[in-house]
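Working notes, structure below.
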């Protein structure tokens, strides 16, 4: 079977890392398409995949989008894949359009829905983005949704019917490398000058508004007014166009109780020193960082929103918190500060759940099964 995996930006390669090698080892030929990046090209080829760069604009750009459509047409004509799995909004829209218009009976197209960008938009931009999401879902032969609650949310918005979609196990688009995320003893607390009796609340992700950074900052200010031995560890880049405003960024940088670290490949070392993980997003397809932290026995506080709510079991591996509700978040942060036994119990339960449902191989097996069924159908 020849499989083409497509995303808009090369940065999204991390969303499928390891899949290519798995599929190749199962006897398939795999091609990967994204904007060009030399490092990504090397990683794809190391996984024994073939790399085909096509530039695609994230935002709507009629001229550049038309050029991308032409390039996609000729690429598909050349490669003749059996199945396409595309995700990220722009790549999914462009590939499904070309596939349905010109290769309807020859190529099966899967749209992996990682989240609904329209959820955090308003006005004309909301209507345009929602329409593109609707078109993509209509044109795709199958939709793999990365979490059960996101699937139901999209069905409620009438983007597609249940018969057209599928979730692998409990969710996640790529699973987790259970061999990488193991709790380790290191001297990172000493390096970062964090005492052993300090409770560390952690976050991993981009420092953008949709991730709820403002609410997390405000909640932490209220918490540290009650408890002195607390730290907030923020790990992620903040040099992007939709970054939090400079005033908030400066407050974070100048707060001695907050440690700001640029994204690192050795993220497991930082999970190891966290006591509680927090992801307070407004919109999230799933939330892989939550299950990474959970495998390292770190309990989580997450927004009670579609997608993200599936990363934990409320009251067993962490707590769901009403989105944007700072007081509710502070309350749960305070509870886990006081209850060490509860933190340990949640952490152990998290690890067991993730080993049962979210390992790489289990997710990839499920996806490959969908490919085979679609082609045979």
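The values are calculated or read from the model by the stated rules, or taken from the named source; none is laboratory data. The structure presented is a predicted model; accordingly, all values stated were derived computationally and were not measured. A quick note on method: Cβ atoms are made from the backbone with ideal geometry, for glycine too, and the neighbour counts reach across all protein chains shown.
Could you please find all residues in region 142-197 being assigned to a helix (DSSP H, G or I) and either over 27 Å from residue 268 (Cβ atoms) or in contact with a helix residue (DSSP H, G or I) (Cβ under 7 Å, 6 or more places away or on another chain) (or both)? Matches in region 142-197: 148, 149, 151, 152, 153, 154, 155, 156, 162, 163, 164, 188.
Checked against (1) in a helix (DSSP H, G or I); (2) surrounded by 15 or more Cβ atoms within 10 Å (Cβ to Cβ); (3) without any contact (Cβ under 8 Å) to a residue 40 or more places away in the chain, residue 289 passes all but a single condition, namely (3). Every residue in region 228-282 that is farther than 23 Å from residue 9 by Cβ, assigned to a helix (DSSP H, G or I) and touching a helix residue (DSSP H, G or I) at 6+ places or on another chain (Cβ under 8 Å), please. Within region 228-282, 248, 251, 252, 268, 269, 270, 271 qualify. Every condition in (1) part of a helix (DSSP H, G or I); (2) modelled with pLDDT under 95 holds for residue 206 except the one numbered (1).
I need the full set of residues from region 96-118 which are assigned to a helix (DSSP H, G or I), crowded, with 21+ Cβ neighbours inside 10 Å and out of contact with any helix residue (DSSP H, G or I) (no Cβ under 6 Å at 6 or more places or on another chain), in order please.
99, the sole residue that qualifies.
Here 249, 260 are screened, and the one residue that is over 30 Å from residue 156 (Cα atoms), in contact with a strand residue (DSSP E or B) (Cβ under 6 Å, 6 or more places away or on another chain) and in contact (Cβ under 8 Å) with a residue 24 or more places away in the chain is 260. Residues that are in contact with a strand residue (DSSP E or B) (Cβ under 8 Å, 6 or more places away or on another chain) and either free of Cβ contacts under 8 Å to residues at least 40 places away in the same chain or in a helix (DSSP H, G or I) (or both) were ranked within region 319-334; the one that is surrounded by the fewest Cβ atoms within 10 Å (Cβ to Cβ) is 322. Going residue by residue through region 29-47, is there one that turns out to be loosely packed, with under 15 Cβ neighbours inside 10 Å, over 24 Å from the mean Cα position of the chain (by Cα) and more than 22 Å from residue 115 (Cα to Cα)? Looking through region 29-47, none of the residues is loosely packed, with under 15 Cβ neighbours inside 10 Å, over 24 Å from the mean Cα position of the chain (by Cα) and more than 22 Å from residue 115 (Cα to Cα). So which residues in region 11-37 are in a helix (DSSP H, G or I) and closer than 25 Å to residue 93 by Cα, if there are any at all? Those that are in a helix (DSSP H, G or I) and closer than 25 Å to residue 93 by Cα: 11, 12, 13, 14, 15, 19, 20, 23.
Residue 322 - would you say it is assigned by TED's automatic domain parsing to the domain that holds residue 271 and over 24 Å from residue 215 (Cα atoms)? No: the conditions fail for residue 322.
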